[in-house]
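All remarks here apply to the structure that follows.
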Amino acid sequence: GIRDIVMEISKHAEKVTVTAVGGNHGENRQNGKAFTSTNDNDDVAVFEQVAEILAANPEAYGHVSFLFPQEELTLTLNVHGTILGLAHGHQARKGGTTAAAKIRTWWKDQAYGMQKVADATILVTGHYHHLSVLTEGIRTHIQAPSLDGGSQWFTETSGVQSAPGLLTFTVSERGWDDLRVLPCLTS
């Protein structure tokens with residue numbers, strides 16, 4: 001699971017930062033509606049549990065840090081001078097019929113409201129379950145594929161299959177590079 005992935009990655013880097021943001025899948029719901037605060041989200045809670053497990057062994061995992069939003073559904077971090085924004089993406093509900101159009105409108109609205117995620121030049125989301133990379137000017141939106149065996153939700157709403165995989169890319173002072181989608185291993 002998540003713990004095993006973080007433990008394996010930690011063997012190959014001097015510094016590891018693990019992040020997570022809340023999404024619609026982790027909301028605590030009653031009668032179909034979220035009834036707790038945005039920071040009460042199981043999508044983040046599973047990563048908080050991994051943080052607690054690794055904190056029990058600081059000699060092996062002291063170089064691993066965890067960063068979670070407090071009250072927000074977004075997170076930004078400075079990676080080598082590039083501001084990386086993370087959002088699940090379910091917040092993007094208006095602005096067009098495509099995922100890209102909805103995210104673009106939402107991101108522009110965040111800028112108008114002077115929200116932290118507006119400072120990002122790279123925005124990563126996952127709600128729409130398929131890979132998409134759109135660069136406009138200095139900003140890039142990277143929509144990550146899902147890790148499941150394909151998203152039936154995406155197929156039902158778009159009519160096409162979504163290839164699952166683990167999104168990876170590097171970030172430097174020049175921006176992003178080396179984008180790859182690692183295939184999921186099926187058992």
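Taking segment 89-105 as the range and being within 20 Å of ALA34 (Cβ to Cβ) and open to solvent by less than 30 Å² (accessible area, probe 1.4 Å) as the test, the residues that pass are GLY89, HIS90, ALA92.
Are there any strands (runs of 3 or more DSSP E) wholly within segment 84-187 with 2 or more residues that are within 17 Å of the chain's Cα centre (by Cα) and of a type outside the set (Val, Ile, Thr), and if so which?
132-136, 139-143, 166-172, 175-182
Looking only at segment 22-41, decide whether some residue is under 16 Å from the mean Cα position of the chain (by Cα) and exposed (fewer than 14 other Cβ atoms within 10 Å of the Cβ). Yes, because at least one residue in segment 22-41 is under 16 Å from the mean Cα position of the chain (by Cα) and exposed (fewer than 14 other Cβ atoms within 10 Å of the Cβ). Name every residue in segment 1-18 that is surrounded by 10 or more Cβ atoms within 10 Å (Cβ to Cβ) and either without any contact (Cβ under 8 Å) to a residue 40 or more places away in the chain or under 12 Å from PHE47 (Cα atoms) (or both), in order of residue number. Passing the criteria: ILE2, ARG3, ILE5, VAL6, ILE9, THR17, VAL18. All conditions in (1) crowded, with 18+ Cβ neighbours inside 10 Å; (2) free of Cβ contacts under 8 Å to residues at least 60 places away in the same chain; (3) under 17 Å from ASP43 (Cβ atoms) hold for GLU71, with the sole exception of (1).
The values are calculated or read from the model by the stated rules, or taken from the named source; none is laboratory data. Just so it is clear, the model here is predicted, and its values are computed rather than measured. Cβ coordinates were reconstructed from backbone atoms using ideal geometry, including for glycine residues, and neighbour counts include every protein chain displayed. Please note that ligands, DNA and RNA were not included when accessible areas were found on the heavy atoms of the full protein model with its side chains. Shrake-Rupley method; radii C 1.70, N 1.55, O 1.52, S 1.80 Å.
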